[in-house]
Amino acid sequence: MTETLLPPNRILVADIGGSFIRMAAVGTRPGEVGKVRTCPTPTEDIAAFLDSLSVLTAELAGEVDATAPLILAAAGLCNAATGTIRSANIPCLDDKPVCRILSARLQRPVGLLNDADAFALAEAGQGVGRGHRVVFGAILGTGIGGGLVVDGRVVRGRGGLVGEWGHGPVANQLPRTLDRPLPRMRCGCGQEGCADTFGGARGLERLHEMIGFAPAKSHEITDRWRTGDAEAAKTIALWVEMLSEPLALAVNITGASIVATGGGLGRDAALMAELDKGLRKRILSERDEPVLYPGRIDQAALVGGAILGHQMRQSV
Ligand SMILES: [Zn+2]
C-alpha cells in the first residue's frame with residue numbers, strides 16, 4: 001500500500017528495541033503502516049535517546065497531523081500511569097518520565113505500552129483475535145511475555161504488569177513425562193521455578209540439557225523434533241507438559257477464548273499445534289477447535305501502538 005492511501009488519522013508509533021528504534025506513521029486499518037525509519041537505540045544516554053525520537057518525529061511530521069499522538073511500544077516494563085520504561089537493555093530510561101518529557105518537547109500526546117501488549121492489541125484488532133471479546137497474547141521468544149485485551153482495549157495492570165504468565169513459581173517440577181523431579185531454576189525476576197526459566201527458547205535449550213542431552217539451539221531441537229528424532233521428541237513432550245499448565249491457568253483466569261502466540265517459538269505453527277493439544281487437555285472450557293493460533297500481523301508493535309493511539313484520540 002502506498003503512503004498516499006494512508007488515512008488522515010495516522011498515529012506516530014515508535015517500536016523501541018534494545019538495538020534499534022523503528023518509527024512510522026501508522027493507520028488503524030490492516031496494511032496501513034507507512035515507511036519505517038530506523039536509528040540505533042541510545043542505551044546509556046537519556047539525552048541522546050530523547051534526541052533520536054525527536055529527530056525521527058521531525059522526519060515523519062509531514063505524514064501526520066499536528067495533534068497525532070506518539071506511541072512508544074517498548075520491550076520491558078512499561079508503566080503507562082507514570083510514563084516510565086524499565087528495560088534491562090536500555091538502562092538510561094530507568095525511572096525517567098520519558099512520556100512527560102517527550103510530550104512537552106514534541107507538543108503532542110505521548111502514550112506507552114509494552115511490546116507484548118502491542119502484539120495482543122494488534123492480533124485482537126486485525127489478526128487472529130478478531131471477533132473475540134477476550135484475547136490473550138502469549139510471547140514465546142527468548143523468554144516469555146504476555147498481554148491481555150478485553151473488548152478491544154489492552155488491560156493495564158498495576159505498575160504496568162499484566163498477563164505475566166511467565167513469572168511466579170510453577171508447581172510442576174515433577175512432570176509425568178520424566179522419571180525424576182527437575183530442580184527449580186532461578187529466574188531473572190528473583191524467584192525460582194517460573195515458566196520463563198523453561199518456556200522460551202533459552203528455557204527449551206536448558207530443559208534439553210537438564211534431561212541429559214547434548215547442548216543444542218532451540219531451532220535445532222524443534223527441527224529434529226519435526227524429523228522424528230527421539231531425543232528432541234522427549235524434550236518437546238516435556239516442554240509441552242510443563243508449559244501448557246501455566247498457560248491453561250492464564251486461559252482459565254482471564255476467560256480468553258483465543259491465545260495469539262508470538263516470538264520465535266510462537267510463530268512455529270507445528271510446535272504451537274502441539275502446545276495447543278496440551279493446553280486443551282488442561283483448560284476448563286471444552287473446545288473442539290484450537291485455542292492457540294500463531295499471530296499473523298507483520299510489525300505488530302507498530303500496528304498495536306496505532307490502535308492504542310487511535311483510542312487515545314477518541315477518548316480526548
Ligand atoms: Zn520469574
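Computed from the coordinates by the stated procedures, all read-outs in this text should not be read as laboratory data. Bear in mind that the values here come from a model prediction, so they are computed numbers and not experimental data. As a convention, Cβ positions derive from the backbone with ideal geometry for all residues, glycine included, and neighbour counts pool all protein chains shown.
A few points about this structure:
- Fraction of beta bridges assigned by DSSP in the chain that are antiparallel (%, nearest 5): 60
- Per-selection metrics, region 138-196 (Cα): Rg and Dmax in Å: 14.2, 44
- Centroid-to-centroid separation of region 66-113 and region 237-316 [C-alpha atoms, Å]: 26
- The per residue volume of the convex hull around the alpha-carbon atoms of region 164-316 is 145 Å³.
- Considering every alpha-carbon pair of the chain, the percent of pairs per 20 Å bin, from zero through the bin containing the longest distance, is 33, 54, 13, 0.
- Shape metrics for region 23-98, restricted to C-alpha atoms - Rg then Dmax, Å: 13.3, 36
- Using the Karplus relation 6.51 cos²θ - 1.76 cosθ + 1.60 with θ = phi - 60°, the per-residue 3J(HN,Hα) values for region 153-168 come to 10, 6, 7, 9, x, 4, x, x, 9, 7, x, 7, 5, x, 10, x Hz, with x marking Gly and Pro.
- Against the compact-protein benchmark of 2.2 N^0.38 Å, the Cα-based radius of gyration of region 1-135 scales to 1.03.
- Counting only DSSP beta bridges whose two residues both lie in region 131-294, roughly 60 percent are antiparallel.
- Helices of the chain meeting both criteria, an alpha-carbon length of 18 angstrom or more along the long axis and an average Kyte-Doolittle score not below 0.5, with helices taken as full DSSP H segments, are 46-60, 230-254.
- Using just its DSSP H runs of length 4 or more, each adding -39500 (n - 2.57), the chain gives a mean residue ellipticity at 222 nm of -11500 deg cm²/dmol after division by all residues.
- R0 of 51 Å, Cβ-Cβ distance residue 133-residue 219: FRET efficiency to nearest 0.05: 0.90
- Segment residue 9-residue 184, extension gain: residue separation times 0.36 nm, minus the distance between their alpha carbons: 58.1 nm
- Low-density loop cleavage sites - trypsin sites (Lys or Arg not before Pro) in region 31-89, where at most 14 other Cβ are within 10 Å (DSSP): 35
- Distance histogram in 5 Å bins (all Cα pairs of region 116-233, percent per bin): 2, 11, 16, 17, 16, 14, 12, 8, 3, 0
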